[in-house]
């Protein structure tokens with residue numbers, strides 16, 4: 001089933017590459033106009049926006065560190081001026097600092113929480129007023145299987161993603177009467193820059209391969225087109241775990 005998002009405006013944080021880029025392109029294919037957020041990869045973000053424009057949709061790029069409140073406020077203002085009020089927010093921006101218990105530092109923990117968790121809070125707070133006014137909104141947070149499993153990155157990463165799923169449920173419960181749904185997608189071992197060069201990881205997956213960014217995008221699109229599903233986490237693990 002193809003969602004019709006024509007006339008909707010979407011913002012994808014961390015949208016210049018990997019999962020974020022796949023989501024941005026999928027939203028445009030469904031008819032949405034898309035803002036591609038990035039922090040440092042200007043050329044990559046502009047390339048994704050170029051593909052979207054070439055497909056006949058509107059697009060803009062917006063540079064912002066989404067862990068900083070002032071940047072988020074400016075980003076939402078700029079996107080609204082360029083494309084219109086934001087209808088769909090995908091909180092995809094994140095970092096994965098690989099640490100074990102002996103090397104994990106306070107700075108690693110704080111930075112991970114800022115980028116992976118606080119950014120989602122800041123972005124949701126910034127877009128929700130306009131969504132409530134129009135009685136329509138879709139928020140999708142990109143979590144991870146590490147929210148429920150041991151993971152390979154470190155306990156700081158586990159905590160940030162578990163917190164994101166708690167944030168998802170808390171916002172969903174409070175926005176359910178406003179026409180705004182809030183859900184999460186929790187992929188595990190997706191073939192992105194972070195996972196390339198690790199063919200050994202596929203041995204852990206019953207399906208026998210890493211997941212693909214466009215498969216994560218498909219789950220996001222399902223949530224963007226569904227008005228009845230809220231407060232849920234869609235897990236994608238290739239059969240490694242079952243909810």
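The table below lists the values:
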| quantity | calculated |
| --- | --- |
| Extreme residue, nearest to residue 102 (Cα to Cα), among residues of the stretch 136-179 that are in a helix (DSSP H, G or I) and at pLDDT below 95 | 146 |
| Subset of the stretch 22-44 (residues that are touching a strand residue (DSSP E or B) at 6+ places or on another chain (Cβ under 9 Å), crowded, with 24+ Cβ neighbours inside 10 Å and farther than 15 Å from residue 83 by Cβ) | 23, 38 |
| Listing of strands (runs of 3 or more DSSP E) fully contained in the stretch 20-132 that carry 3 or more residues being under 17 Å from the mean Cα position of the chain (by Cα) and closer than 20 Å to residue 192 by Cβ | 33-38 |
| Count of residues meeting criterion [without any contact (Cβ under 8 Å) to a residue 40 or more places away in the chain, surrounded by fewer than 16 Cβ atoms within 10 Å (Cβ to Cβ) and not in a loop (DSSP other than H, G, I, E, B)] in the stretch 203-214 | 2 |
| From the options 182, 220, residue that is in a strand (DSSP E or B), at pLDDT 95 or above, touching a helix residue (DSSP H, G or I) at 6+ places or on another chain (Cβ under 8 Å) and surrounded by 17 or more Cβ atoms within 10 Å (Cβ to Cβ) | 182 |
| Test: residue in the stretch 187-196 that is over 22 Å from residue 228 (Cβ atoms) and not in a loop (DSSP other than H, G, I, E, B) | yes |
| Residue in the stretch 6-17 that is within 21 Å of residue 143 (Cβ to Cβ) and out of contact with any helix residue (DSSP H, G or I) (no Cβ under 7 Å at 6 or more places or on another chain) present | no |
| Test set (1) in contact with a strand residue (DSSP E or B) (Cβ under 9 Å, 6 or more places away or on another chain); (2) surrounded by fewer than 24 Cβ atoms within 10 Å (Cβ to Cβ); (3) in contact (Cβ under 8 Å) with a residue 24 or more places away in the chain - residue 156 fails condition number | (1) |
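Let's see how each residue does on (1) closer than 20 Å to residue 20 by Cα; (2) more than 19 Å from the chain's Cα centre (by Cα):
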| residue | (1), (2) |
| --- | --- |
| 178 | no, yes |
| 184 | yes, no |
| 191 | yes, no |
| 201 | no, yes |
| 206 | no, yes |
| 211 | yes, no |
| 219 | yes, no |
| 229 | no, no |
| 234 | yes, no |
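The values are calculated or read from the model by the stated rules, or taken from the named source; none is laboratory data. Everything numeric here is computed off the predicted structure, so don't read it as measured data. Cβ: placed from backbone, ideal geometry, glycine included. Neighbour counts: every protein chain shown.
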